[in-house]
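Structure first, commentary second.
The values are calculated or read from the model by the stated rules, or taken from the named source; none is laboratory data. Values in this document were obtained by computation on a predicted structure and should not be read as measured data. Here the Cβ positions follow ideal geometry from the backbone for every residue, glycine too, while neighbour counts run over all protein chains shown. Remember, those area values only see protein heavy atoms, side chains included, never the ligands or the DNA or RNA. Shrake-Rupley method; radii C 1.70, N 1.55, O 1.52, S 1.80 Å.
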Amino acid sequence: MSEVQVIGPQALPALQQQVEAVLAEAARQGASACEVAVSLGQGLSASVRQGEVETVEFNRDQGFGITLYVGQRKGSASTSATGEAAIRETVAAALAIARHASEDESAGLADAALMARELPELDLYHPWTISPEQAIELALESEAAAFASDARIKNADGSSLNTHQGCRVYGNSQGFVGGYASTRHSLSCVMIAEDGGQMQRDYWYDVSRQGELLADPASIGRRAAERAVSRLGSRPVPTCEVPVLFAAELAGGLFGHFLAAISGGNLYRHSSFLEGALGEQLFPSWLTLDERPHLPRGLGSASFDGDGLATYAKPFVAGGELVSYVLGTYSGRKLGMPSTANSGGVHNLFVSHGSEDQQALLKRMGRGLLVTELMGQGLNLVTGDYSRGAAGFWVENGELQFPVQEVTIAGNLRDMFKQIVAVGSDLELRSNIRSGSVLIERMTVAGS
Amino acid sequence: MSDMLLSVSEHLLAPGGLSIEQLPSVLGDLAGPGIDAADLYFQSQVSETWALEDGIVKEGSFNLDQGVGVRAQSGEKTGFAYSNMISADALRQAAQAARSIARAGQSGRVQAFSSPLLTPLYAPNNPLDVLDRAEKVELLKRIDVATRALDPRIKQVSVSLAGVWDRVLVAAVDGSLGADIRPLVRFNVSVIVEQNGRRERGGHGGGGRTDYRYFLERDERGEERAMGYAREALRQALVNLDAIAAPAGSMPVVMGAGWSGVLLHEAVGHGLEGDFNRKGSSAYSGRIGERVASSLCTIVDDGTLAGRRGSLSMDDEGIGTQCTTLIENGVLKGYIQDKLNARLMGVAPTGNGRRESYAHLPMPRMTNTYMLAGQSDPEEIIRSVKKGIYCANLGGGQVDITSGKFVFSTSEAYLIEDGKITAPVKGATLIGNGPEAMSRVSMVGNDLALDSGVGTCGKDGQSVPVGVGQPTLKIDAITVGGTGA
């Protein structure tokens, strides 16, 4: 079997040339401004189940997307095709759209003066020259450890190792061009536990820019097994109002909802319950939310945003107060505010936390629900109303009593944010949002 | 060779110097020792989106994607590779990678090609071309202006139009050779309303395997269909302005006809996909012939409905689609299958092998999943409930097929008090267990309706268009996740 061939920094000059060729073609065809992103990626994915190989997938993706302007009119086009003809046709397609779009006074590239000048090295590229056989071995090792760890682990839903390397170059007609190579590797394990006629599934995974930093495969398998087994005997609890502890791996989702609610796109569309909330005390006064875009090897790290602006470290929430929205060039113009260099999103969000780990937070909670799984999309961003399916554990006197399933937890995000009692020190490091477990004073749990 | 095959192969293969006659030799390379099955999936897709907000058409995008996916299977093992280039060289490289999973075994042989006779369920023409750009822009603007004129409480209107034109060709070692040309269009309206400082959103839309003229046709009420979507989006938003907190706890729930079929998609459909059942990981595994729902429930997956969003003339493995009975009078009858899982389970494929694109592996997926009509008058169903919830419209849903737990969230729901629909309630998530909830279906209406054509199903990171439907039905007890009493 062949090893995955390497796509790395050496591919950047060719992609940069492609960006320049597209910009030149857009100008030639009559666009007044243009931006383009070119990407090239390659990966290997191996999955196993019950000790046998299930799939080996080789991925290779390429493509480019352009947005161009004719005055204040805008059009976009993208393709996976390559070559001069593809460039010509894609530019023409975007231009044809731009000619029919409406004048939009907020449209257009960011000012040239705001474009990133120096791009810090973020150490995002760590290729893993792993053969399909080695990838299979790691996935098998993870699954085998899961099966060995508990007799109630009777089935598996698959363990897989994924490795991906890619390059992306963005450039625009304001003179900015920047690019980087990056890698991302992950190992996951999904196990099924059976006992007393009940079947439960759970999983665990790790992800890293650097293959060698992934958790030991056996530990991932054992954790998946432990989680699946711990759910056996799950049952609903009677409907009640109690404190709810969101396990760290889910807590990032709460702050993800918050970021969506303060993002420019939802604000100017009047689609957020936090429209006009700038300066308000939304969280307890000890809570801060910081963006740190230049974290070396960070999963969300980026030196420039989707508009070519230099990213920078800043708080969105300081002392519990909303001090900045999440804005790109366009949404900033719509709201009459400068861009916060967040076109395309937030790059590594850090949630402030105390010194208590999850165990200590359970003690602090006393009686309530520890949530370890959420289901469904029950969030209304316009009103902040939140209602989702949940599973986890019933807690009395700070100790887990029994696993819980088939319940919902509901509240309003505005209240939930205010009622954050504590954030744990058990940080989730596998996500763009780094948060510990989050204890919320009171939510409605609906059950039997 | 059919016209469809000729035209698709001319478009997909010829530019790279390939022809159908050369495919057996590529498949021959794939079908070496140890390979039980292998196929090539060529695809070219053009798509576009036009979006209006703030009264102006500010976004339009066009995408062209094409490539070939090459798959080889040995027992339960699958090797897969794909390429954006459709050429002999690219095919050879992808084939080499894909067949690397085979170790040893009997020698493979390529069967002579034969194409299934397919019933055309949609026109092969490019749906993007029936309106020119100016007409598309004009349509969006017209609907925006007419919607804003409907009610002074409207704060924001977003309208979008999207179209896809897919051309696919499948050739397999087992002799399957098929081509399909698939149009798909969608129109959506989202409205934000405000009253006394309170804001709510409503959204509606529709579409199918047809072209944009569908949105200009008259609907059942004699109104231009696109405008009908806008009126419905506004109606839902206004209803929600008066919504009170939904109750919390277990209670009877009446599900409205149509889009509420999301219930069946989550509570039943996913759990009956062949892959989960072969692996024994579904709450429905090994239960064929058993009662898994009340005797009032007959549920089918039907890919053969003309023009429907979830319909396909053939699936992505070259098998003609069919209407598969999943549950008949409450008894589990069968699973939905792709070729791999059908082979491993020793049953026939059901035409449900679907993939998001050439860059993804096929899996058993639903097409249009719905429950057949029952006997009850919908009003009689409402009247039978002392205290409960009526779900008129839903948002999305999700299922854990292993434990059988599923959720869906309401986007338009009401209290039922003493047999009458009363106050609207805020969106809430409902949670239940598939087989349990289906066995508590105590009344089924005579008003079967299918959804308007906007459903997208996600599985293992792959999205495919699907349809759902059901008559009004009553579940005696299910948990409602509100915050009220």
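Provide a whole-number value for the mean count of partner chain Cβ atoms within 10 Å of the Cβ atoms in peptide B:247-254.
Details: counts 3, 12, 9, 7, 1, 0, 0, 0.
Averaged over the peptide's residues, the number is 4.
Kindly express, to the nearest 10 degrees and within the range 0 to 90, the angle between helix B:225-241's C-alpha long axis and the longest C-alpha principal axis of chain B.
50 degrees
Return one number: the angle in degrees, 0 to 90 and rounded to the nearest 10, between the long axis of the Cα atoms of helix B:133-148 and the longest principal axis of the Cα atoms of chain B.
20 degrees
Take the alpha carbon gyration tensor of chain B, find the square roots of its eigenvalues, order them as a ≥ b ≥ c, and report rounded if a/c is under 1.5; if not, report prolate when a/b exceeds b/c, else oblate.
oblate
With a 1.4 Å probe, what is the total accessible area buried between chains B and A, in Å² rounded to the nearest 100?
Protein heavy atoms only, the B-A interface buries about 5600 Å².
Quick one: compute the contact order of the stretch B:248-481, relative version, from alpha carbon pairs under 8 angstrom and 6+ residues apart, as a percent.
31 percent
Measuring with a 1.4 Å probe in the full set of protein chains, what accessible area per residue, in whole Å², belongs to the stretch A:9-228?
That works out to 40 Å² per residue.
Note down the nm distance, to one decimal, between modelled labels 7 Å out along Cα→Cβ at residue B:6 and at residue B:54.
5.2 nm
Using a Cα distance threshold of under 30 Å, what count of lysine pairs results for the stretch B:3-242 when pairs must be 8 or more residues apart or interchain?
Eligible lysine pairs with Cα atoms under 30 Å apart amount to 5.
Show me the trypsin sites (Lys or Arg not before Pro) within the stretch B:180-244 that DSSP assigns to loop and that have at most 11 other Cβ atoms within 10 Å of their Cβ.
B:221
Taking square-rooted eigenvalues a ≥ b ≥ c of the alpha carbon gyration tensor, is the protein assembly as shown rounded, prolate or oblate, where a/c under 1.5 means rounded and, failing that, a/b exceeding b/c means prolate?
rounded
Cβ under 15 Å from residue B:200's Cβ, residue B:200 left aside: what net charge do those residues give with Lys, Arg +1 and Asp, Glu -1?
For residues surrounding residue B:200, the net value is +1.
Tell me, which residues of the stretch B:466-485 get at least 20 Å² less accessible area when the other protein chains come in, versus the chain alone (1.4 Å probe)?
B:479, B:481, B:483
Mind checking the dipole of the stretch B:258-411: about its Cα centre, +1 per Lys or Arg Cβ, -1 per Asp or Glu Cβ, Debye to the nearest 20?
Dipole of the stretch B:258-411, to the nearest 20 debye: 280 debye.
Where the centre of each part is set by its Cα atoms, how far does the stretch B:399-478 sit from the stretch B:275-326, in angstrom?
18 Å
Could you work out the mean count of beta carbons from other protein chains within 10 Å of each residue's beta carbon in B:376-382?
Average neighbour count from other chains, rounded to a whole number: 0.
Add +1 for every Lys or Arg and -1 for every Asp or Glu among the other residues with Cβ under 14 Å from the Cβ of residue B:323, and state the total.
Details: positive: B:308, B:333; negative: B:301, B:302, B:315, B:328.
Surrounding charge for residue B:323 is -2.
Mind running the shape call on chain A? Use the C-alpha gyration tensor, a ≥ b ≥ c as the square roots of the eigenvalues: rounded below 1.5 for a/c, prolate if a/b tops b/c, oblate otherwise.
Oblate, since a/c reaches 1.5 and b/c is not below a/b.
Please work out how many pairs of lysine residues in chain A are eight or more positions apart (or on different chains) and have Cα atoms closer than 25 angstrom.
Number of lysine pairs found: 4.
Averaging sequence separations of C-alpha pairs under 8 Å and six or more residues apart, then dividing by the length of the stretch A:9-228, give the relative contact order as a whole percent.
Here the relative contact order equals 22 percent.
Assigning unit charges at the beta carbon (Lys, Arg +1; Asp, Glu -1) and nothing else, what dipole magnitude in debye, to the nearest 20, does chain A show about its Cα centre? Present the calculation step by step, with values, prior to reporting the outcome.
Working: 34 positive and 50 negative charges, 163 e Å.
The calculation lands at about 780 debye.
As I understand it, the dipole of the stretch A:9-228 uses +1 on the Cβ of Lys and Arg and -1 on the Cβ of Asp and Glu, about the Cα centre. Which of A:148, A:113, A:62 lies farthest toward its positive end?
Value: A:113.
Distance in nm between label sites at residue A:148 and residue B:383, each 7 Å beyond Cα in the beta-carbon direction?
6.7 nm
Can you give the relative contact order of chain A as a percent, counting alpha carbon pairs under 8 Å and 6+ residues apart?
Result for chain A is 15 percent.
Quick check for you: with a 1.4 Å probe and neighbouring chains kept, what is the accessible area per residue of the stretch B:3-242, in Å²?
With all protein chains present, the stretch B:3-242 gives 40 Å² per residue.
Largest first, how would A:79, B:119, B:49 line up by accessible area (1.4 Å probe)?
So, going from the largest accessible area down, we get B:119, B:49, A:79.
Might you report the magnitude of the Cβ-based charge dipole of the protein assembly as shown about its Cα centre, with Lys and Arg at +1 and Asp and Glu at -1, to the nearest 20 debye?
Computed charge dipole of the protein assembly as shown: roughly 920 debye.
Relative to the isolated chain, which residues of the stretch A:359-395 have their accessible area cut by 30 Å² or more in the presence of all protein chains (1.4 Å probe, heavy atoms, no ligands or nucleic acids)?
Hits at the 30 Å² cut-off: A:375, A:376, A:377, A:382, A:383, A:385, A:387.
If each DSSP helix of 4+ residues adds -39,500 (n - 2.57) and the sum is divided by the residues in chain B, what number results at 222 nm, nearest 500 deg cm²/dmol?
Working: 9 runs with 86 residues, N = 485.
Taken over chain B, the calculation gives -5000 deg cm²/dmol.
Place a point 7 Å from Cα of residue B:138 in the direction of its Cβ. Which residues in the stretch B:198-214 have their backbone N less than 17 Å from it?
Those under the cut-off are B:212-214.
Using a 10 Å cut-off on Cβ to Cβ distances, tally the other chain neighbours for every residue of A:67-74 and report the average as a whole number. Numbers along the way, then the final one.
Numbers: counts 2, 0, 0, 0, 0, 2, 4, 5.
Mean shielding by partner chains, rounded to a whole number: 2.
Could you state how much accessible area residue B:210 has, in square angstrom rounded to the nearest 10, with a 1.4 Å probe and all protein chains kept in place?
We get 40 Å² for residue B:210.
Add -39500 (n - 2.57) for each DSSP H run of 4 or more in chain A, then divide by its residues: what number comes out at 222 nm, to the nearest 500 deg cm²/dmol? Mind showing how you got there, number by number?
Values: 9 runs with 107 residues, N = 448.
Theoretical 222 nm ellipticity from helices: -7500 deg cm²/dmol.
Counting Lys +1, Arg +1, Asp -1, Glu -1, what net charge surrounds residue A:165 among other residues with beta carbon under 11 Å of its beta carbon?
Result for the neighbourhood of residue A:165: +3.
For the protein assembly as shown, which whole-number percentage of the solvent-accessible area (1.4 Å probe, protein heavy atoms only) is attributable to carbon and sulfur atoms?
Heavy-atom surface of the protein assembly as shown belonging to carbon and sulfur, 1.4 Å probe: 49 percent.
Considering only lysines 8 or more places apart in sequence, or on different chains, count the pairs in the stretch B:248-481 whose C-alpha atoms sit under 25 Å apart.
Close lysine pairs found across the stretch B:248-481: 20.
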